[in-house]
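Here is the structure we will look at, set down as C-alpha coordinates.
The values are calculated or read from the model by the stated rules, or taken from the named source; none is laboratory data. As the structure is a computational prediction, the values presented were derived from the model and not from experiment. A quick note on method: Cβ atoms are made from the backbone with ideal geometry, for glycine too, and the neighbour counts reach across all protein chains shown. Ligands, DNA and RNA are excluded from the accessible area calculation, which covers all protein heavy atoms including side chains. Shrake-Rupley method; radii C 1.70, N 1.55, O 1.52, S 1.80 Å.
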Amino acid sequence: RKGCVIITGASSGLGLAAAKSLAETGKWHVIMACRNFLKAEQAAKSLGMAKENYTVMHLDLASLDSVRQFVETFRRSEMPLDSLVCNAAVYLPTAKEPTFTAEGFELSVGTNHLGHFLLARLLLDDFKKSDFPLKRLIIVGSITGNTNTLAGNVPPKANLGDLRGLAGGLNGVGSSSMIDGGEFDGAKAYKDSKVCNMLTMQEFHRRYEETGISFASLYPGCIAETGLFRNHIPLFRILFPPFQKYITKGYVSEKEAGDRLAQVVSDPSLSKSGVYWSWNSTSASFENQLSKEASDAEKARKLWEVSEKLVGLA
Ligand code: NDP
(Lines give C-alpha, C1' and ligand atoms only; values in the text may rest on other atoms or scores of the structure.)
Protein backbone atom coordinates (compact mmCIF):
# COMPACT_ATOMS: atom_id res chain seq x y z
CA ARG A 1 0.00 0.00 0.00
CA LYS A 2 0.91 3.68 -0.26
CA GLY A 3 2.48 5.36 2.75
CA CYS A 4 0.43 8.08 4.42
CA VAL A 5 2.25 11.21 5.56
CA ILE A 6 0.88 14.26 7.36
CA ILE A 7 2.73 17.50 6.59
CA THR A 8 1.83 20.61 8.58
CA GLY A 9 2.00 23.95 6.78
CA ALA A 10 1.93 22.32 3.34
CA SER A 11 0.22 25.33 1.76
CA SER A 12 3.50 27.03 0.84
CA GLY A 13 7.28 26.88 0.81
CA LEU A 14 9.09 23.82 2.09
CA GLY A 15 5.97 21.90 3.15
CA LEU A 16 4.30 22.34 -0.22
CA ALA A 17 7.45 21.40 -2.15
CA ALA A 18 7.87 18.25 -0.01
CA ALA A 19 4.18 17.38 -0.46
CA LYS A 20 4.57 17.61 -4.23
CA SER A 21 7.82 15.66 -4.23
CA LEU A 22 6.31 12.79 -2.19
CA ALA A 23 2.97 12.77 -4.04
CA GLU A 24 4.75 12.53 -7.40
CA THR A 25 6.48 9.29 -6.44
CA GLY A 26 3.07 7.59 -6.43
CA LYS A 27 4.16 5.87 -3.21
CA TRP A 28 2.72 8.43 -0.76
CA HIS A 29 -0.64 9.92 0.07
CA VAL A 30 -0.05 13.35 1.58
CA ILE A 31 -2.33 14.88 4.20
CA MET A 32 -1.79 18.61 3.87
CA ALA A 33 -2.54 19.89 7.39
CA CYS A 34 -3.15 23.59 6.83
CA ARG A 35 -4.83 26.58 8.48
CA ASN A 36 -6.04 27.97 5.15
CA PHE A 37 -7.98 25.24 3.42
CA LEU A 38 -8.58 27.16 0.20
CA LYS A 39 -4.97 28.30 -0.13
CA ALA A 40 -3.74 24.72 0.33
CA GLU A 41 -6.18 23.37 -2.24
CA GLN A 42 -5.20 26.04 -4.76
CA ALA A 43 -1.49 25.52 -4.09
CA ALA A 44 -1.80 21.77 -4.71
CA LYS A 45 -3.78 22.38 -7.90
CA SER A 46 -1.40 25.01 -9.23
CA LEU A 47 1.51 22.58 -8.86
CA GLY A 48 -0.44 19.94 -10.75
CA MET A 49 -0.68 17.51 -7.83
CA ALA A 50 -3.06 14.67 -8.72
CA LYS A 51 -6.21 14.68 -6.55
CA GLU A 52 -5.83 11.04 -5.54
CA ASN A 53 -2.41 11.75 -4.01
CA TYR A 54 -3.42 14.29 -1.36
CA THR A 55 -6.09 15.36 1.13
CA VAL A 56 -6.31 18.80 2.69
CA MET A 57 -7.30 18.82 6.37
CA HIS A 58 -7.78 21.87 8.53
CA LEU A 59 -5.19 22.48 11.26
CA ASP A 60 -4.43 25.75 13.01
CA LEU A 61 -1.43 25.18 15.24
CA ALA A 62 -2.10 28.47 17.03
CA SER A 63 -5.09 26.81 18.72
CA LEU A 64 -4.76 23.66 20.82
CA ASP A 65 -8.49 23.01 20.28
CA SER A 66 -7.83 22.99 16.56
CA VAL A 67 -4.94 20.54 17.06
CA ARG A 68 -7.23 18.18 18.99
CA GLN A 69 -9.97 18.61 16.38
CA PHE A 70 -7.49 17.78 13.61
CA VAL A 71 -6.50 14.55 15.36
CA GLU A 72 -10.20 13.60 15.63
CA THR A 73 -10.81 14.36 11.95
CA PHE A 74 -7.74 12.39 10.92
CA ARG A 75 -8.86 9.39 13.00
CA ARG A 76 -12.32 9.50 11.46
CA SER A 77 -10.75 9.35 7.98
CA GLU A 78 -9.39 5.91 8.93
CA MET A 79 -6.22 6.58 7.00
CA PRO A 80 -3.09 5.07 8.53
CA LEU A 81 -0.35 7.27 9.98
CA ASP A 82 3.07 6.28 8.72
CA SER A 83 4.92 9.57 8.83
CA LEU A 84 4.40 12.98 10.41
CA VAL A 85 6.27 16.10 9.36
CA CYS A 86 6.05 19.07 11.73
CA ASN A 87 6.95 21.81 9.27
CA ALA A 88 4.67 24.84 9.74
CA ALA A 89 6.15 27.93 11.32
CA VAL A 90 5.70 31.64 11.78
CA TYR A 91 8.56 34.14 11.92
CA LEU A 92 7.85 37.66 13.17
CA PRO A 93 11.20 39.46 13.08
CA THR A 94 9.83 43.01 12.91
CA ALA A 95 7.05 42.69 15.52
CA LYS A 96 7.40 45.29 18.25
CA GLU A 97 4.87 43.67 20.53
CA PRO A 98 4.10 40.00 21.10
CA THR A 99 0.95 38.42 19.66
CA PHE A 100 -0.64 35.34 21.13
CA THR A 101 -2.24 32.00 20.28
CA ALA A 102 -5.83 31.11 21.22
CA GLU A 103 -4.61 29.86 24.61
CA GLY A 104 -2.48 32.98 25.14
CA PHE A 105 1.02 31.71 24.37
CA GLU A 106 3.42 33.95 22.46
CA LEU A 107 2.64 33.18 18.81
CA SER A 108 5.99 31.92 17.45
CA VAL A 109 6.73 29.47 20.26
CA GLY A 110 3.01 28.67 20.62
CA THR A 111 2.67 27.73 16.93
CA ASN A 112 6.09 26.35 16.05
CA HIS A 113 6.71 24.42 19.26
CA LEU A 114 3.64 23.96 21.49
CA GLY A 115 1.11 23.26 18.73
CA HIS A 116 3.44 20.68 17.17
CA PHE A 117 4.31 19.22 20.57
CA LEU A 118 0.65 18.46 21.29
CA LEU A 119 0.03 17.21 17.75
CA ALA A 120 2.99 14.81 17.78
CA ARG A 121 2.19 13.55 21.27
CA LEU A 122 -1.45 12.82 20.40
CA LEU A 123 -0.54 11.11 17.13
CA LEU A 124 1.96 8.74 18.77
CA ASP A 125 -0.95 6.37 19.42
CA ASP A 126 -1.86 6.40 15.75
CA PHE A 127 1.70 5.57 14.73
CA LYS A 128 1.54 2.48 16.92
CA LYS A 129 -1.30 1.12 14.77
CA SER A 130 0.68 1.43 11.53
CA ASP A 131 2.39 -1.64 10.06
CA PHE A 132 4.48 0.47 7.70
CA PRO A 133 8.18 -0.47 7.58
CA LEU A 134 9.45 3.14 7.69
CA LYS A 135 7.61 5.06 10.41
CA ARG A 136 9.04 8.55 10.91
CA LEU A 137 8.36 11.63 12.98
CA ILE A 138 10.21 14.62 11.57
CA ILE A 139 10.42 18.08 13.09
CA VAL A 140 11.91 20.76 10.84
CA GLY A 141 14.75 22.54 12.64
CA SER A 142 16.95 25.41 11.57
CA ILE A 143 20.52 26.55 11.51
CA THR A 144 19.42 29.85 13.10
CA GLY A 145 18.74 28.13 16.40
CA ASN A 146 22.17 26.53 16.35
CA THR A 147 24.73 28.81 17.96
CA ASN A 148 27.58 26.55 16.80
CA THR A 149 27.12 27.98 13.28
CA LEU A 150 27.80 31.36 11.71
CA ALA A 151 24.09 31.96 11.00
CA GLY A 152 23.21 30.95 14.54
CA ASN A 153 25.51 33.64 15.87
CA VAL A 154 23.77 36.56 14.23
CA PRO A 155 22.12 38.44 17.11
CA PRO A 156 19.69 38.05 18.75
CA LYS A 157 20.91 34.53 19.53
CA ALA A 158 18.66 31.70 20.62
CA ASN A 159 18.76 31.11 24.35
CA LEU A 160 16.12 29.32 26.41
CA GLY A 161 17.78 30.19 29.73
CA ASP A 162 16.18 28.28 32.58
CA LEU A 163 12.77 28.24 30.81
CA ARG A 164 11.23 30.55 33.41
CA GLY A 165 9.08 32.46 30.89
CA LEU A 166 7.76 29.23 29.40
CA ALA A 167 7.05 27.76 32.81
CA GLY A 168 5.14 30.96 33.63
CA GLY A 169 2.83 30.43 30.63
CA LEU A 170 4.57 32.66 28.04
CA ASN A 171 1.59 34.99 28.15
CA GLY A 172 3.20 38.38 28.62
CA VAL A 173 0.84 39.08 31.51
CA GLY A 174 1.94 37.34 34.69
CA SER A 175 5.08 36.12 32.99
CA SER A 176 7.35 37.10 30.13
CA SER A 177 6.37 36.31 26.53
CA MET A 178 9.89 34.92 25.99
CA ILE A 179 11.05 31.44 27.05
CA ASP A 180 14.06 32.79 28.96
CA GLY A 181 11.96 35.40 30.75
CA GLY A 182 13.44 38.35 28.82
CA GLU A 183 11.99 41.25 26.81
CA PHE A 184 9.96 40.34 23.70
CA ASP A 185 12.05 39.96 20.55
CA GLY A 186 10.30 38.39 17.55
CA ALA A 187 13.46 37.16 15.80
CA LYS A 188 14.73 35.55 18.99
CA ALA A 189 11.34 33.97 19.71
CA TYR A 190 11.54 32.20 16.33
CA LYS A 191 15.07 30.97 16.98
CA ASP A 192 14.08 29.81 20.46
CA SER A 193 11.14 27.92 18.96
CA LYS A 194 13.50 26.13 16.56
CA VAL A 195 15.76 25.10 19.46
CA CYS A 196 12.60 23.69 21.10
CA ASN A 197 11.86 21.76 17.87
CA MET A 198 15.33 20.20 17.85
CA LEU A 199 15.28 19.41 21.59
CA THR A 200 11.80 17.87 21.24
CA MET A 201 12.97 15.56 18.45
CA GLN A 202 15.81 14.27 20.65
CA GLU A 203 13.57 13.81 23.67
CA PHE A 204 11.11 11.82 21.53
CA HIS A 205 14.06 9.68 20.46
CA ARG A 206 15.12 9.06 24.07
CA ARG A 207 11.60 8.23 25.24
CA TYR A 208 10.17 6.31 22.29
CA GLU A 209 13.05 4.79 20.36
CA GLU A 210 11.82 1.27 21.12
CA THR A 211 8.52 1.93 19.27
CA GLY A 212 10.34 1.55 15.95
CA ILE A 213 9.47 5.11 14.96
CA SER A 214 12.46 7.00 13.67
CA PHE A 215 12.71 10.58 15.00
CA ALA A 216 14.61 13.17 13.01
CA SER A 217 15.16 16.86 12.49
CA LEU A 218 16.77 18.66 9.60
CA TYR A 219 18.07 21.90 8.23
CA PRO A 220 17.22 21.81 4.53
CA GLY A 221 19.34 24.87 3.63
CA CYS A 222 18.36 28.52 3.32
CA ILE A 223 15.19 28.69 1.23
CA ALA A 224 15.41 32.45 0.91
CA GLU A 225 12.25 32.98 -1.14
CA THR A 226 9.60 31.26 0.99
CA GLY A 227 6.70 32.95 2.74
CA LEU A 228 8.63 32.70 6.01
CA PHE A 229 10.14 36.10 5.32
CA ARG A 230 6.81 37.75 4.43
CA ASN A 231 6.84 39.79 7.62
CA HIS A 232 10.34 41.10 7.09
CA ILE A 233 11.14 44.62 5.81
CA PRO A 234 11.00 44.91 1.96
CA LEU A 235 14.73 45.64 1.57
CA PHE A 236 15.56 42.44 3.44
CA ARG A 237 13.31 40.45 1.16
CA ILE A 238 15.08 41.88 -1.92
CA LEU A 239 18.63 41.38 -0.65
CA PHE A 240 18.32 38.11 1.26
CA PRO A 241 18.09 35.65 -1.71
CA PRO A 242 21.20 37.00 -3.58
CA PHE A 243 23.06 37.27 -0.26
CA GLN A 244 22.39 33.60 0.44
CA LYS A 245 23.16 32.59 -3.15
CA TYR A 246 26.44 34.41 -3.68
CA ILE A 247 27.86 35.24 -0.23
CA THR A 248 26.96 32.49 2.23
CA LYS A 249 26.27 29.92 -0.53
CA GLY A 250 23.66 28.44 1.78
CA TYR A 251 20.83 29.10 -0.71
CA VAL A 252 18.63 26.25 -1.79
CA SER A 253 15.56 26.37 -4.05
CA GLU A 254 12.14 25.41 -2.71
CA LYS A 255 12.15 22.37 -4.98
CA GLU A 256 15.55 21.15 -3.81
CA ALA A 257 14.63 21.74 -0.15
CA GLY A 258 11.34 19.89 -0.70
CA ASP A 259 13.24 16.95 -2.21
CA ARG A 260 15.55 16.93 0.84
CA LEU A 261 12.63 16.83 3.25
CA ALA A 262 11.01 14.11 1.12
CA GLN A 263 14.25 12.14 1.43
CA VAL A 264 14.06 12.28 5.23
CA VAL A 265 10.48 10.93 4.97
CA SER A 266 11.09 8.11 2.53
CA ASP A 267 14.74 7.27 1.85
CA PRO A 268 15.71 3.99 3.55
CA SER A 269 19.28 5.26 4.02
CA LEU A 270 18.03 8.13 6.21
CA SER A 271 16.17 6.00 8.70
CA LYS A 272 18.47 6.43 11.70
CA SER A 273 16.67 7.89 14.71
CA GLY A 274 17.81 10.91 16.74
CA VAL A 275 19.59 12.57 13.82
CA TYR A 276 19.71 16.20 12.72
CA TRP A 277 20.20 15.96 8.94
CA SER A 278 21.94 18.54 6.78
CA TRP A 279 23.23 18.60 3.21
CA ASN A 280 26.68 19.59 1.92
CA SER A 281 27.51 21.67 -1.15
CA THR A 282 27.11 18.66 -3.44
CA SER A 283 23.65 17.99 -1.96
CA ALA A 284 24.74 14.88 -0.08
CA SER A 285 23.04 14.32 3.29
CA PHE A 286 25.06 14.00 6.48
CA GLU A 287 24.44 13.77 10.24
CA ASN A 288 25.08 17.25 11.54
CA GLN A 289 26.09 18.37 15.05
CA LEU A 290 23.71 20.46 17.12
CA SER A 291 24.81 23.36 19.30
CA LYS A 292 25.45 22.83 23.00
CA GLU A 293 22.02 24.16 23.97
CA ALA A 294 20.15 22.35 21.18
CA SER A 295 21.64 19.02 22.34
CA ASP A 296 21.33 19.58 26.10
CA ALA A 297 19.54 16.44 27.35
CA GLU A 298 18.60 17.97 30.69
CA LYS A 299 17.05 20.99 29.00
CA ALA A 300 15.19 18.70 26.59
CA ARG A 301 13.68 16.80 29.52
CA LYS A 302 12.67 20.00 31.29
CA LEU A 303 11.22 21.48 28.09
CA TRP A 304 9.18 18.30 27.61
CA GLU A 305 7.76 18.45 31.12
CA VAL A 306 6.92 22.17 31.03
CA SER A 307 5.37 21.81 27.56
CA GLU A 308 3.24 18.88 28.73
CA LYS A 309 1.74 21.08 31.43
CA LEU A 310 1.07 23.98 29.07
CA VAL A 311 -0.75 21.87 26.46
CA GLY A 312 -2.77 19.99 29.07
CA LEU A 313 -1.10 16.58 28.87
CA ALA A 314 0.13 16.53 32.46
P1 NDP B 1 6.43 29.38 4.68
O2 NDP B 1 6.01 30.64 5.36
O3 NDP B 1 6.45 29.36 3.19
O4 NDP B 1 5.58 28.17 5.19
C5 NDP B 1 5.11 28.10 6.48
C6 NDP B 1 3.86 27.29 6.51
O7 NDP B 1 3.39 27.23 7.87
C8 NDP B 1 2.73 27.88 5.68
O9 NDP B 1 2.07 26.83 5.02
C10 NDP B 1 1.84 28.51 6.73
O11 NDP B 1 0.48 28.56 6.38
C12 NDP B 1 2.03 27.51 7.86
N13 NDP B 1 1.54 28.02 9.14
C14 NDP B 1 1.88 29.16 9.77
N15 NDP B 1 1.16 29.30 10.90
C16 NDP B 1 0.35 28.22 10.99
C17 NDP B 1 -0.64 27.81 11.91
N18 NDP B 1 -0.98 28.54 12.98
N19 NDP B 1 -1.28 26.63 11.67
C20 NDP B 1 -0.99 25.89 10.59
N21 NDP B 1 -0.08 26.24 9.67
C22 NDP B 1 0.59 27.40 9.87
O23 NDP B 1 7.90 29.10 5.27
P24 NDP B 1 8.97 27.93 4.98
O25 NDP B 1 8.48 26.99 3.98
O26 NDP B 1 10.27 28.61 4.77
O27 NDP B 1 9.03 27.25 6.41
C28 NDP B 1 8.76 25.89 6.62
C29 NDP B 1 9.70 25.35 7.70
O30 NDP B 1 11.05 25.45 7.26
C31 NDP B 1 9.62 26.09 9.02
O32 NDP B 1 9.64 25.14 10.07
C33 NDP B 1 10.89 26.92 9.04
O34 NDP B 1 11.32 27.17 10.35
C35 NDP B 1 11.82 25.98 8.32
N36 NDP B 1 13.00 26.57 7.75
C37 NDP B 1 12.93 27.48 6.75
C38 NDP B 1 14.09 28.00 6.24
C39 NDP B 1 14.09 29.02 5.16
O40 NDP B 1 15.16 29.46 4.79
N41 NDP B 1 12.94 29.43 4.63
C42 NDP B 1 15.40 27.56 6.71
C43 NDP B 1 15.34 26.58 7.76
C44 NDP B 1 14.19 26.10 8.24
P45 NDP B 1 -0.13 29.73 5.41
O46 NDP B 1 0.21 29.32 4.03
O47 NDP B 1 -1.58 29.68 5.72
O48 NDP B 1 0.53 31.01 5.81
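Structure data summary
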| quantity | calculated |
| --- | --- |
| In region 160-195, the residues that are more than 25 Å from residue 314 (Cα to Cα), surrounded by fewer than 20 Cβ atoms within 10 Å (Cβ to Cβ) and touching a residue at least 24 places away in the same chain (Cβ under 8 Å) | 184, 185 |
| Number of the exception - residue 229 against (1) within 21 Å of residue 310 (Cα to Cα); (2) within 16 Å of the ligand (Cβ to nearest atom) | (1) |
| Filter result (among the small types (Gly, Ala, Ser), in contact (Cβ under 8 Å) with a residue 60 or more places away in the chain and more than 26 Å from residue 96 (Cβ to Cβ)) within region 224-271 | 250, 257, 258, 262, 266, 271 |
| Filter result for residue 139 (in a strand (DSSP E or B) and surrounded by 20 or more Cβ atoms within 10 Å (Cβ to Cβ)) | yes |
| Residues located in region 135-158, provided they are out of contact with any Lys or Arg (no Cβ under 8 Å at 6 or more places or on another chain) and modelled with pLDDT of 90 or more | 135, 136, 137, 138, 139, 140 |
| Meets criteria (within 16 Å of the ligand (Cβ to nearest atom), assigned to a strand (DSSP E or B), modelled with pLDDT of 95 or more and within 20 Å of residue 112 (Cβ to Cβ)) for residue 217 | yes |
| Pick from region 96-121, criterion more than 14 Å from the ligand (Cβ to nearest atom) and over 16 Å from the mean Cα position of the chain (by Cα), ranking: modelled with the lowest pLDDT | 96 |
| Members of region 75-95 that are over 19 Å from the mean Cα position of the chain (by Cα) and either within 10 Å of residue 186 (Cα to Cα) or buried (at least 16 other Cβ atoms within 10 Å of the Cβ) (or both) | 79, 80, 94, 95 |
| Answer residue from region 260-314, given it is of a type in the set (Ser, Thr, Tyr) and outside any loop (DSSP other than H, G, I, E, B) and is surrounded by the fewest Cβ atoms within 10 Å (Cβ to Cβ) among those | 269 |
| Residue 203 vs. criteria acidic (Asp, Glu) and either out of contact with any helix residue (DSSP H, G or I) (no Cβ under 7 Å at 6 or more places or on another chain) or touching a residue at least 40 places away in the same chain (Cβ under 8 Å) (or both) | yes |
| Cβ pairs under 6 Å, 6+ apart, first in region 28-43 and under 19 Å from residue 77 (Cα atoms), second within 8 Å of the ligand (Cβ to nearest atom) and open to solvent by 10 Å² or more (accessible area, probe 1.4 Å) | 34/11; 35/60; 40/11 |
